[in-house]
Amino acid sequence: MATGTYSYNPADLKGNTMSRMRFELGDTMVQGAENTCAVTDEEINAAIEMYPKSWKKAKLMLVESIYRRFSYEVDTKTGPLSLSLHERAETWKEAYEALKKEVKAENISVPAFAGNAGKKPPYFFTGMQENERTRQG
């Protein structure tokens, strides 16, 4: 298995950078490499390159990857020590579902109203059937 690289530069958060993505994912403890990071630099860069025009789609791809990776971990109990690893997967699943809704909402397009697209105003108007000659007053 090839080892990935893990880097983070807090000064490089402007723009669509790998450090910004790592910051938004909360995956900034790079000192421990694969022991403390959820994704590699290569995975982040691949997601950004796959969706260069949609930052949220790239982020969604990474969140889904993290969620699926953690979903295989099982709860463990040894004596007084208990590790509920499924909670970590549930947290990422919730983040995935919320981000997925955001991405779907951004992709919904409302068609332009065809009735007024550079045309004359409508023929009908308020009061058009009132006859002033029949008014009594």
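Relative contact order of the chain: 15 percent, from C-alpha pairs under 8 Å at least 6 residues apart in sequence.
Which one of 58, 108, 84 is farthest out on the positive end of the charge dipole of the chain, using unit charges on Cβ (Lys, Arg +1; Asp, Glu -1) and the Cα centre as origin? Value: 108. Among 70, 125, 23, the largest mean-square fluctuation in a Gaussian network model of the chain (Cα springs under 10 Å) belongs to 125.
About its Cα centre, the dipole of the chain is roughly 880 debye, where the only charges are +1 on Lys and Arg Cβ and -1 on Asp and Glu Cβ. In this entry, the chain is assigned a mean projected area of 19.0 nm², taken as a quarter of its C-alpha convex hull surface.
The GNM of the chain, with springs linking C-alpha atoms under 10 angstrom apart, assigns the highest mean-square fluctuation among 77, 57, 101 to 77.
Size descriptors for the range 1-69: radius of gyration and Dmax over Cα atoms are 11.2, 33 Å. Pairs from the table (53/101; 77/104; 14/100) lying more than 28 angstrom apart at Cα are 77/104.
Since every read-out is calculated from the coordinates, none of them should be taken as a lab result. Only a predicted model underlies this, so the values are computations on that prediction, with no experimental measurement involved. Reconstructed Cβ throughout: ideal geometry from the backbone, glycine too, with neighbour counts over all protein chains shown.
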